[in-house]
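Participant: Could you have a look at this structure, given as structure tokens, before my questions?
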Amino acid sequence: MMLPLTWLIAIPVLLLLLWLAWRRPNRQRLVWRLLASVVAGISLMLLVFPPTTQQAISPSTAILLTEGYSADTLQQLLQRSDAEPQVYAYGTMADDATPVGSLHRLRQEQPGLRQVHLLGYGLKKEELQPLKDVQVQLHLSTTPAGTAAIHWPESVKLGEAVEVASQYKKEGEASTWLYLMAAGQVRDSVEMAADTTATFRLRYTPKQAGQFVYHVVEKSGNAADTLGQVPVLVRPVQEVGVLLLASSPLFEFRFLKNHLAELQHRVAFRTTISKGMSQSEWLNMPRHNLSRLTPKLLQQFDVVITEPQALQNLSAGERATLERAVREEGLGILTIASAPANSRSTSFFTAFQTRRLSQQDTRSTRASWADNTTATATAAPYTLVNTTAVAGLVAEQNDQFLAGAKRAGWGKVAMSLVPQTFPWQLEGKEEVYASYWANLLSAVAKQEVQERFWQLTSPQVPRPNQPLTLTFTDYTAAGADVPSAVVTDVADSSSVDLPLARHPLQPTQFSGTFWPRRSGWHQVQTLDAAPYHFFVQDSTDWTFTAIQERQQETLAFVAQQNTASAAETAVAYKEEPVSLIWFVLLFVLSSGFLWLEEKF
């Protein structure tokens, strides 16, 4: 209706302008005057009555842009769409996209929505709930350059190393340095080559027990940035009871006895001096009769360190008592040998497969153990065969073992083919010596059974104002009431109750969701259980973990949806106004020409 009216008005105006241009006596530039008059008349009418075009749209399809979306992917989607879908931006900025504060708002904007193309890093499962009855097509972006995975121990014993292991993706032509900072000082560093993806490890051994927060810093050129914090609880060395049994006075056992005593471990030492005569010593513990191994005596110890001849010298009854203590009480036995022990009477303790590597009595080799400490060791000319039953404790080249342990009931039996470690002390390598024996003791000694303990179930990196799940396990609580728990912010001592719910399939587990208000150390505790400390990171720490969590939750959300194909896309049309700038320019140019032409 508007179009005929426009032309009804435009035709008389055009005729008037053409008549005015024609009637002028000056016939020069007549054609140009007539043309300019037509352009001026038409552009004026189009300015007064703006024209529109019809554009095909899809009311049932939308494109949702989230953080990290690819502009190229968006362009490809738009190009292959017959009907242009509406584009929305959630949590990010984008040109020509309608910003929405929530996906509920998106559903209100487009009530007939049936399919959504989601671009970017994805969203949290709570944010995706309004789309549960909408088919979601994913176009997720890859994780950006930088840290792609991270791991460090939640807690370590004093003397153990904190190892931060990560995968790092470096783009660009310049290399990057990564530093592990503790107490404001660089403790370890690694250089990441340009344009590469590699795994790195940063290590530091704390000097005292307590709660500590280290930092991983990235430096490229003069620019430095903190990638994230590394919270670690350093626990005091657990006091263990050690029984040393030697068939003769040996320097190895003498040095080991003194070393363990200096660390305040309970140590009892029995060595045979001559036939029928033995000498006993006790350090940091009451005296006990060591002349015969009895069940009551072995209950005082967590690990027995001995050698094959001492085991052979025991009576059959003592060996049976020792075996029962391993199987039923969890006692650990470590045998230090310079050659395979082939006696059937001691096979329970020494039945490890070995292979001879040298015809000499001893050999020098490079040994390494759990915290990546390496040292040159004087070993027996044998190596332990790597089998599925044996866990390596001390390794050497070619994936061979100098020391290994295997399960035996509730306890462990272990063998070491490094008969002399005291030379490390004589050479001033006290840290190597301490690390070696700390590694063996922690692996072999009787394990403390925890009946009640807490765990941070998820996420890997807690953040302020984001939910985290705490799980309490109580093996004594089958059928009991749900325990009560309290979470305390260590910084200001503010506390909040943590409601727990029993796991439907595991009655000894209880979980609760906690929303931390700020970063820092927190503590959760319940009655008759040791408190558990966890650290809430800053929102800018380890940003890749938040991206990975969103991607995983988005993938899980889509996987749970009905995978049936979406209905055929409906097409509608909307009126789109044509830009007036072109008509303004034509009118100004044509009318300006007519005015100037008349003057000159």
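Participant: Contact list please: Cβ distance under 6 Å, first residue in segment 181-203 and open to solvent by 90 Å² or more (accessible area, probe 1.4 Å), second residue at pLDDT below 90 and not in a loop (DSSP other than H, G, I, E, B), pairs at least six apart or on different chains.
Facilitator: Every condition considered, the pairs that remain are Thr199/Gln167.
Participant: Tell me, please, whether a residue that is open to solvent by 50 Å² or more (accessible area, probe 1.4 Å), within 33 Å of the chain's Cα centre (by Cα), hydroxyl-bearing (Ser, Thr, Tyr) and not assigned by the TED database to the domain that holds Val230 can be found in segment 429-440.
Facilitator: No.
Participant: Another question about this same structure. With the requirement that a residue be at pLDDT below 75, part of a strand (DSSP E or B) and either open to solvent by less than 60 Å² (accessible area, probe 1.4 Å) or among the hydrophobic types (A, V, I, L, M, F, W, C) (or both), what does segment 31-62 give you?
Facilitator: Within segment 31-62, Gln55, Ala56, Ile57, Ser58 qualify.
Participant: For segment 290-306, check the following and say yes or no: at least one residue is farther than 21 Å from Leu244 by Cα and modelled with pLDDT under 95.
Facilitator: Among the residues of segment 290-306, not one is farther than 21 Å from Leu244 by Cα and modelled with pLDDT under 95, which makes the answer no.
Participant: When residues of segment 385-412 are filtered for being open to solvent by 20 Å² or more (accessible area, probe 1.4 Å), in a strand (DSSP E or B) and in contact with a Leu (Cβ under 9 Å, 6 or more places away or on another chain), how many remain?
Facilitator: 6
Participant: Can you name every one of the strands (runs of 3 or more DSSP E) wholly within segment 182-227 that holds 1 or more residues which are in contact with a Gly (Cβ under 9 Å, 6 or more places away or on another chain) and β-branched (Val, Ile, Thr)?
Facilitator: Answer list for segment 182-227: 210-220.
Participant: Let me ask something else. Take the conditions among the acidic types (Asp, Glu) and surrounded by 15 or more Cβ atoms within 10 Å (Cβ to Cβ) and apply them to Glu218. Does it pass?
Facilitator: yes
Participant: Related question: Can you tell me which residues in segment 225-251 are open to solvent by 10 Å² or more (accessible area, probe 1.4 Å) and over 24 Å from Thr205 (Cα atoms)?
Facilitator: Within segment 225-251, Ser247, Ser248, Pro249, Leu250, Phe251 qualify.
Participant: Kindly indicate whether any position in segment 107-119 is assigned by the TED database to the domain that holds Gln561 and under 21 Å from the mean Cα position of the chain (by Cα).
Facilitator: For segment 107-119, residues assigned by the TED database to the domain that holds Gln561 and under 21 Å from the mean Cα position of the chain (by Cα): absent.
Participant: Residues that are over 40 Å from the mean Cα position of the chain (by Cα), at least 3 per element: which strands (runs of 3 or more DSSP E) completely within segment 316-384 meet that?
Facilitator: Strands (runs of 3 or more DSSP E) meeting the threshold: none at all.
The values are calculated or read from the model by the stated rules, or taken from the named source; none is laboratory data. Since the model is a prediction, treat every value here as computed from it, not as a measurement. Cβ coordinates were reconstructed from backbone atoms using ideal geometry, including for glycine residues, and neighbour counts include every protein chain displayed. Calculation scope for accessible area: heavy atoms of the full protein, side chains included, ligands and nucleic acids excluded. Shrake-Rupley method; radii C 1.70, N 1.55, O 1.52, S 1.80 Å.
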